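Sharing a structure below in structure tokens format, with a few things to ask.
The values are calculated or read from the model by the stated rules, or taken from the named source; none is laboratory data. What you see is a predicted model; the values in this text were computed from it and never measured. Reconstructed Cβ throughout: ideal geometry from the backbone, glycine too, with neighbour counts over all protein chains shown. These area figures cover heavy atoms from the full protein model, side chains too; ligands, DNA and RNA do not enter into them. Shrake-Rupley method; radii C 1.70, N 1.55, O 1.52, S 1.80 Å.
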Amino acid sequence: MDKFVGYRCSLCGQEYAPGEITYTCPKDGGNLDVVLDYAAIKQQFPSMEMFLGSTVEPSLWRYLPLIPVTDPGGEGTTLRAAGNTPVYSPPVLKKQLGMENLWIKDESRNPTASFKDRASSVVVARARQIGAEVVVTASTGNAGAALAGMAAAVNHKAIIFAPRTAPPAKIAQLLIFGARVLLVDGSYDDAFDLTIQASQEFGWYCRNTGYNPFTVEGKKTAGFEIWEFWTRLSPNPRHQVFGKPLSVFVSVGDGNIISGIHKGFKDLVELGWMQEMPRIFGIQAEGSAAIANAYFAGVDHITPVAAKTLADSISVDLPRDGVRAVRAATQTNGAYITVSDQEILSGIAALGKVGIFAEPAGSTSYAGLVKALDQKLIEPTDPVLVVNTGSGLKDVRAAMQAVVEAPVIEPTLEALKKIL
Ligand SMILES: *Cc1c(COP(=O)(O)O)cnc(C)c1O
Ligand SMILES: [Zn+2]
């Protein structure tokens with residue numbers, strides 16, 4: 001059975017067959033949603049319990065019947081290790097925030113240490129299926145590292161365009177994974193446009209976020225995992241666990257992660273496996289808030305900004321998945337929230353104190369939760385899951401801004417006593 005039946009444009013609704021198109025809607029440039037044969041999937045798995053009961057693989061590939069590739073291959077490699085990230089519920093944070101039901105889903109535990117592995121794992125599998133020899137992407141760092149890592153896992157060629165200002169650890173990852181790396185003397189948006197031109201000129205398969213429809217198909221697996229986690233909290237997944245829907249907090253740059261999580265939830269609704277849509281909250285940096293601006297203005301089109309934030313992974317002038325990202329909040333009774341760089345740094349410090357090391361874009365979601373409580377957008381009794389999207393090891397320069405530097409002392413007890 002091939003469950004992948006085509007695409008539907010998120011703007012005009014036009015449908016396309018799987019082989020008819022590769023990236024965006026030719027009419028209006030809209031992002032394409034992958035359409036699955038939900039009836040066939042349901043016939044095979046009448047309930048979510050039956051579906052989950054049939055899968056054992058400890059990665060996002062446990063959801064293969066819901067992912068539009070046939071066989072990912074790559075057994076025994078990191079391609080098969082993306083996803084299945086842990087969820088924590090740190091008592092210290094709950095006490096600090098006065099919350100009872102708070103969870104952190106830690107995406108820094110992916111093979112290349114960010115959420116992006118979900119997308120790259122699926123895109124590389126797709127590239128192999130359609131016989132695309134070279135995969136290329138523009139990246140602020142993490143998408144590239146994820147593509148480079150997943151491609152290396154199965155000996156596939158990857159080319160990465162990143163801004164030359166990307167944090168050194170991310171550039172090191174690209175190089176270590178053996179990708180062809182080109183540092184662009186310009187912004188992420190410049191790298192994005194160049195990548196599309198290059199893929200057209202040279203026939204490379206382009207992974208670009210908010211351009212290639214398969215990234216969302218990888219990222220949606222986080223939505224599946226969140227739902228699986230949530231339903232397992234209750235002996236009867238048909239019932240609300242706390243009398244309230246789950247609220248999910250996620251940071252937003254291009255808007256592809258939030259759209260992906262929303263797509264995962266929508267797939268589950270289509271399959272009849274989800275009765276109550278979680279609320280989705282998108283958090284942007286104040287200095288890079290094109291999507292939040294559209295949400296606040298109540299409009300469906302995105303006006304670019306001149307992005308400036310220390311959270312490099314969400315520093316985007318023109319978000320490429322903005323329309324779907326606005327809808328992820330409006331269609332789920334969620335909201336958008338913006339936070340300052342200072343609040344993002346405080347978020348790094350707060351998460352660090354419970355043993356979670358987040359990069360700035362990772363702690364942005366937590367900073368958003370603090371603000372949402374403050375502004376009474378949610379109540380302390382609401383069940384909330386915050387997604388940490390990336391590891392603090394990716395950007396230690398930013399991390400050092402969140403802490404007081406350690407003192408240097410002479411190696412004597414006297415010196416030690418003085419400082420204690
Ligand atoms: C890419 C990224 C984001 C934002 O995802 P978008 O799809 O661009 O909205 C957030 N955090 C981290 C760590 C990322 O790498
Ligand atoms: Zn269209």
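Taking Thr364, is it polar (S, T, N, Q) and crowded, with 24+ Cβ neighbours inside 10 Å?
Taking the combined requirement at face value, the residue satisfies it.
Can I ask one more? Give Pro86, Pro91, Pro26 a once-over and let me know the one that is open to solvent by 30 Å² or more (accessible area, probe 1.4 Å), touching a strand residue (DSSP E or B) at 6+ places or on another chain (Cβ under 7 Å) and away from ligand 1 (no atom under 16 Å from the Cβ).
One residue alone meets the criteria, Pro86.
Same structure, new question: Would you confirm whether any residue within the range 382-396 is more than 24 Å from Gly282 (Cα to Cα) and either surrounded by fewer than 20 Cβ atoms within 10 Å (Cβ to Cβ) or of a type in the set (Val, Ile, Thr) (or both)?
Taking every residue of the range 382-396 in turn, at least one turns out to be more than 24 Å from Gly282 (Cα to Cα) and either surrounded by fewer than 20 Cβ atoms within 10 Å (Cβ to Cβ) or of a type in the set (Val, Ile, Thr) (or both).
Give the residue, chosen from Glu20, Glu57, that is farther than 24 Å from Ala328 by Cβ and within 16 Å of ligand 2 (Cβ to nearest atom).
Just one listed residue meets the conditions, Glu20.
What residue, among those in the range 205-229 that are of a type outside the set (D, E, K, R) and not in a helix (DSSP H, G or I), is farthest from His156 (Cα to Cα)?
Only one residue fits best here, namely Gly210.
Residues that are within 15 Å of Asp254 (Cβ to Cβ), modelled with pLDDT of 95 or more and aromatic (Phe, Trp, Tyr): does the range 328-349 have at least one?
Yes; the residues of the range 328-349 include at least one that is within 15 Å of Asp254 (Cβ to Cβ), modelled with pLDDT of 95 or more and aromatic (Phe, Trp, Tyr).
Does any residue of the range 38-45 turn out to be modelled with pLDDT of 95 or more and under 23 Å from the mean Cα position of the chain (by Cα)?
The answer is no, given that none of the residues of the range 38-45 is modelled with pLDDT of 95 or more and under 23 Å from the mean Cα position of the chain (by Cα).
Now for a separate question. Please work out which one of (1) surrounded by 20 or more Cβ atoms within 10 Å (Cβ to Cβ); (2) among the small types (Gly, Ala, Ser); (3) in contact with a Cys (Cβ under 9 Å, 6 or more places away or on another chain) is the condition Gly74 fails and give its number.
All conditions are met except number (3).
Could you identify the single residue in Asp321, Asp374 that is assigned by TED's automatic domain parsing to the domain that holds Arg279, at negative phi and more than 16 Å from ligand 1 (Cβ to nearest atom)?
Of the residues listed, the single one that is assigned by TED's automatic domain parsing to the domain that holds Arg279, at negative phi and more than 16 Å from ligand 1 (Cβ to nearest atom) is Asp374.
Name the one entry in Leu32, Leu11 that is among the aliphatic types (A, V, I, L, M) and open to solvent by 50 Å² or more (accessible area, probe 1.4 Å).
On inspection, the qualifying residue turns out to be Leu11.
Being surrounded by fewer than 24 Cβ atoms within 10 Å (Cβ to Cβ), within 16 Å of the chain's Cα centre (by Cα) and away from ligand 2 (no atom under 16 Å from the Cβ) is the requirement here; does Pro168 meet it?
Spelling it out, it is not the case that Pro168 is surrounded by fewer than 24 Cβ atoms within 10 Å (Cβ to Cβ), within 16 Å of the chain's Cα centre (by Cα) and away from ligand 2 (no atom under 16 Å from the Cβ).
Can you go through Asn155, Asn256 and tell me which one is closer than 26 Å to Arg324 by Cα and either away from ligand 1 (no atom under 14 Å from the Cβ) or touching a Ser or Thr at 6+ places or on another chain (Cβ under 8 Å) (or both)?
Asn256
Also: How about the range 114-152: which of its residues are within 9 Å of ligand 1 (Cβ to nearest atom), modelled with pLDDT of 95 or more and open to solvent by 10 Å² or more (accessible area, probe 1.4 Å)?
Within the range 114-152, Lys116 is the sole residue that qualifies.
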